[in-house]
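See structure below.
The values are calculated or read from the model by the stated rules, or taken from the named source; none is laboratory data. These figures come from a predicted structure and were not determined experimentally. Cβ atoms come from the backbone with ideal geometry, glycine included; neighbour counts cover every protein chain shown. The area values use the complete protein model at the heavy-atom level, side chains included, leaving out ligands, DNA and RNA. Shrake-Rupley method; radii C 1.70, N 1.55, O 1.52, S 1.80 Å.
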Amino acid sequence: EVNESFYLFDKVSNTAYDLAAVKAHAYDISRKGTDSSCYERYSGYVTDGTKYECWTTWGGVRYEVRIIGINHDDLADGSGRAGLTFQFKNLLNTGFEMNSGNVNTGGWGKSELRNSMNGRAAEDIGATVPQSLWDAIAEVNKGYTASSAADATVTYSPDKLFIASYHELTGSIWDGWSSYSWLVGEGAQYEFYKSYSIANYGDNDILKKGRQAASGSFTGWWGRSVNPDSSMHFLGQDYYGNPSRNGHASYTWGVCPCFCL
């Protein structure tokens, strides 16, 4: 039995991999791409979740995670791409505001939620991450816009923990937002979600999430993108899995962390 901050269990080979092993696999994929001896196995995990399970313990709570990206996210130090991107299957057991006030000015990069996810003070989300995992997580650049204007430009924040953007989930843009090209610039669709036909303005079973303690009780959860139609909202997923829903920045919504190794 594996008992630590993070582990992955291959159900096909009945093999458990600890954090150090998965980090080494991710590094090999980052450096060698499809030539890595690990690439085929991990790309198989991305497309078939029945082949493995992966768990991490944050703040004493055990959370299940899945691999959603392979060689997808740009490393903040400019040295290439992180080999593997993970996302919680469910949500943190506690909901959070994006900002204490109903404004999205500054976007994800200036949001209180981002600060909490990447902070290590006692009250921060980041403080719940075990030190061994925190040290192993690769800092990556995540795209966002600082306003909801049609001519807004994408800038980047160096993040250890982050949440997915609208386009990283959907891979397309609703026709009503076609003039907001920055939605595409906030990140390419993750490989995991390419296996699904994601409705960009409709319901999606794969985007329905509840808190880890009540995973079958669905709730709204935050996305990284500001709402193109409002200076008060961020986009997020509702309990039907619709990724185009509005969340007032001061709403207490669910958080689905992502991180890279």
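Cα centroids of the stretch 123-159 and the stretch 70-115: 4 Å apart. Once Rg and the Kirkwood radius are both taken over the C-alpha atoms of the stretch 119-166, their ratio Rg/Rh works out to 1.09. Within the stretch 88-130, the proportion of C-alpha pairs whose separation exceeds 17 Å stands at 36%.
Where in the stretch 54-86 does the amide nitrogen come within less than 16 Å of the point 7 Å from the Cα of Ser215, taken along Cα to Cβ? Correct set: 54-58, 61-68. If the limit is 18 Å between Cα atoms, which of Lys110/Lys194; Lys110/Lys142; Lys23/Lys160; Lys110/Lys208; Lys32/Lys194; Lys89/Lys194 go over it? Beyond 18 Å: Lys110/Lys194; Lys110/Lys208; Lys32/Lys194. Mean projected area of the convex hull spanned by the Cα atoms of the stretch 153-250, taken over all viewing directions: 6.8 nm². Net length available on complete extension from Ala188 to Ala122 is 20.4 nm, with 0.36 nm assigned per residue and the Cα-Cα distance removed.
Using a Gaussian network model of the chain in which every pair of alpha carbons under 10 angstrom is joined by a spring, one finds that among Trp221, Trp174, Trp55 the greatest mean-square fluctuation is at Trp174. Seen from a random direction on average, the alpha-carbon convex hull of the stretch 33-114 projects onto 7.7 square nanometres. Between Ser37 and Asn246, the simple label model (points 7 Å from Cα in the Cβ direction) yields a spacing of 5.5 nm.
Taking the Cβ of Ser181 as the center, what net charge do the other residues with Cβ under 14 Å away carry, scoring Lys and Arg +1 and Asp and Glu -1? So the surrounding residues net to -3. Using the 1.4 Å probe convention, the accessible area of the stretch 130-224 works out to 41 Å² per residue with neighbouring protein chains retained.
Dipole magnitude for the stretch 176-231: computed about the Cα centre from +1 point charges on Lys and Arg Cβ and -1 point charges on Asp and Glu Cβ, it is near 200 debye. The charge dipole of the chain, taken about the Cα centre with unit charges on the Cβ atoms of Lys, Arg (+1) and Asp, Glu (-1), comes to about 180 debye, rounded to the nearest 20. Quantify, in whole percent, the carbon and sulfur part of the accessible surface of the stretch 1-158 (1.4 Å probe; protein heavy atoms only). Answer for the stretch 1-158: carbon and sulfur cover 46 percent of the accessible area. Taking 1.306 mPa s as the viscosity and 10 °C as the temperature, the Stokes-Einstein diffusion coefficient of the chain based on its alpha-carbon Kirkwood radius rounds to 87 µm²/s. Note that the stretch 82-232 carries a Kirkwood radius of 16.4 Å, evaluated over its alpha carbons pair by pair.
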